[in-house]
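Heads up, the thing below is written out as structure tokens.
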Amino acid sequence: MKELVEVIAKALVDSPDEVVVKETVNEKSVVIELTVAKSDMGKVIGKQGRIARSIRSVVKAAASKEDKKVIVEIMQ
């Protein structure tokens, strides 16, 4: 999951070097924290949060095979 979020985020931003993805695994859930440069925040979130919602949907679909709940948080 971590690699998937990292690939998507790096493709969206102007500063791919500043993309940081942290993954915390619990018993039934996985929390993925995405941090990007301040200037790239709008590109990751998108208009009305559409891109962020799309990223979450793709990760959720990928995680459905593992029967785990995935939470993607975009950090500032």
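Values quoted throughout were computed directly from the atomic coordinates according to the rules given, and no laboratory measurement underlies them. Treat the numbers as computed from the prediction; the structure is a model and nothing was measured. Cβ placement follows ideal geometry from the backbone for every residue including glycine, while neighbour counts extend to all protein chains displayed.
Structure data summary
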item: Added length on full extension, which subtracts the Cα-Cα distance from 0.36 nm per residue, residue 11 to residue 27; result: 2.7 nm
item: Full-stretch length increase - residue 61, residue 20 - with 0.36 nm per residue and alpha-carbon distance subtracted; result: 12.6 nm
item: C-alpha long axis of helix 50-63 to longest principal axis of the chain, angle in °; result: 30 degrees
item: Under 15 Å between alpha carbons - lysine pairs in the chain that sit 8 or more apart or on different chains; result: 14
item: Helix axis angle, 2-12 relative to the chain longest principal axis, alpha carbon, degrees; result: 20 degrees
item: The chain, relative contact order [Cα under 8 Å, separation at least 6], %; result: 34 percent
item: Most to least packed among 20-33, 1-14 [average Cβ atoms within 10 Å]; result: 1-14, 20-33
item: Cut-off 13 Å between beta-carbons: net charge of the residues surrounding residue 36, Lys and Arg +1, Asp and Glu -1; result: -3
item: Rg/Rg_globular for the chain, with Rg_globular taken as 2.2 N^0.38 Å and Rg from C-alpha atoms; result: 1.05
